[in-house]
Amino acid sequence: MAKRTIVAMPGDGIGKTVLDETIKVLEAAGFEADYVEGDIGWEFWCKEGNPLPQRTIDLLDKHKVALFGAITSKPKDEAFEELAPELKEKNLVYSSPIVALRQHFKLDICIRPCKSYIGNPLNFIRRGANGEIEEPAVDVVVFRQNTEGLYGGVEWSNPQGVVYDALMSHPKFVKNFGDVPQEEISVSTRIFSKKATERILRAAFNHAREFGYKSVTLCEKPNVIRETSGMMYKMALQMQKNDFPEIELWNTNIDAQMMWLTKNPENYGVIVAGNMFGDIISDGFAGLIGGLGFACSAQMGESGIAIFEPTHGSAPKYADYEVSIVNPMAMMESACMMLDYIDEKAIAAKIRKAIADVIEEGKVRTYDMSKMAGRPNVIEKGAASTSQMTDAIIAKL
């Protein structure tokens, strides 16, 4: 059988480090693949004016499955200043290449598991009724709508013409902003479509049914954001009633949910939300299992293309350290999600068990697991380097 080809997109900062270490683990676990590198990120913005070159889109079109490291994003003015001088007259505006990938390939379903590991010193703990220490098991999967909402990119500063006229047609805009000078107004839209909303809701309910979760929690704000959150809640009610009657539908507001996730995280299983609230709630639950060093994700859609990435950033200061100290587990767990997707579940289970064994044993811990500040001298203080953590996981394999 021919080897599968995986598009490897290291991106920026620590992205290359964690991706390289992950490929070592994949190979040690017996996964055979050819890796082709895709150009993406800050380097290509600076020297080409495009952080997502067409050649990378073509690679994804051809090979369908990708592992992605991390990207650096900066505000508009800073991004412009770092452009190559010959590009500064071309009216280029930086936009996130990962957002562009989601929208180009319609990767509308984002899945972010947050599951605690036994023995992780960073696990969330609380006091019980009698003062005893409790460590609730967290096993949450967040389904985040990935292409619409506040990240849809439909925005204006100093809105003009038909845009401003449309805003002025709404009585609340007239009342609250009608006397504000146009040049002082910036507008970001929050657009939900029924098709995309139906897809993310159904994906969440199907996951709950397949893996035995008793509930799906819709985490939005329908009591205030009545049109978009309200539409999503109405559709969820109808879907649960007609298609998933055995699964409970819980409705929470994003603000209250952020309190409840630390009050009783063990109560939640599958959570579904729009783009921004899904981003917020998944980072909140990631904090309960140890932080973004353990947070993985998958992005997929009807195009048949799927991208797997950790949810941490590029952490550029760590990329400059002589010895890498970052935790590679989020990237490795993202690769396990890829293995599940391409039906290599046995290898995925093998890697997950090796990671869990290393964590529970507690002999090898990166600086974050040792609760140290991320400085170059953490290795001298007993923290494991990135490569040492990889070696420990491979040894368990």
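No value in this document is a laboratory result; all are computed from the given coordinates. Not measured: the values here are computed from a predicted model. Positions of Cβ are generated from backbone atoms using ideal geometry, with glycine treated the same way; all protein chains shown enter the neighbour counts.
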- [ ] Looking at region 1-69, send over the antiparallel percent of its DSSP beta bridges, to the nearest 5.
- [x] 0
Task: Positive minus negative residues near ILE347 (Lys, Arg vs Asp, Glu; Cβ under 15 Å) - done: +2
TODO: Run through all the Cα pairs of the chain and give the fraction in each 10 Å bin from 0, expressed as whole percent.
DONE: 5, 20, 29, 27, 14, 4, 1
Open item on the list: Around LEU150, under 10 Å between beta carbons, what's the net of Lys plus Arg minus Asp minus Glu among the other residues?
Closed with: -2
TODO: Please list the non-local residues whose amide H lies under 5 Å from the amide H of TRP250, H modeled 1.01 Å from N, same-chain partners needing a gap of 5 or more.
DONE: VAL216, THR217, LEU218
TODO: Report ³J(HN,Hα) in whole Hz for each residue of region 173-185, in order, from the Karplus equation J = 6.51 cos²θ - 1.76 cosθ + 1.60 where θ = phi - 60°; Gly and Pro get x.
DONE: 5, 4, 5, 9, 10, x, 9, 7, x, 4, 5, 9, 10
Task: Pairwise centroid distance, computed over Cα atoms, of region 341-397 with region 120-147, Å - done: 20
- [ ] Tell me the Kirkwood hydrodynamic radius of region 265-397 in angstroms, computed as one over the mean inverse distance between distinct C-alpha pairs.
- [x] 16.1
- [ ] List the relative contact order of the chain as a percent without decimals, with contacts defined as Cα pairs under 8 Å and 6+ residues apart.
- [x] 22
Task: Neighbour net charge for LEU249 - beta-carbon separation under 14 angstrom, K R +1, D E -1 - done: +1
Open item on the list: Quick check on the chain: helices-only [θ] at 222 nm, where DSSP H runs of length 4 and up contribute -39,500 (n - 2.57) each and the sum goes over total residues. Nearest 500, please.
Closed with: -12500 deg cm²/dmol
Open item on the list: For region 197-348, give me the percentage of DSSP beta bridges that are antiparallel, rounded to the nearest 5 percent.
Closed with: 35
Open item on the list: If packing is taken as the average number of other Cβ atoms within 10 Å across a peptide's residues, how do 62-73, 218-229, 28-39 rank, most packed first?
Closed with: 62-73, 218-229, 28-39
Task: Cα-Cα P(r), region 117-213, percent of pairs per 10 Å interval - done: 12, 24, 19, 19, 17, 9, 0
TODO: Within 10 Å, count the other beta carbons around each residue, average over each peptide in 341-350, 7-16, and list them highest first.
DONE: 7-16, 341-350
- [ ] Take every DSSP beta bridge whose two residues both sit in the chain, then give the antiparallel share in percent to the nearest 5.
- [x] 45
Task: Cut-off under 5 Å, modelled amide H: who pairs with GLY291 long-range - done: none
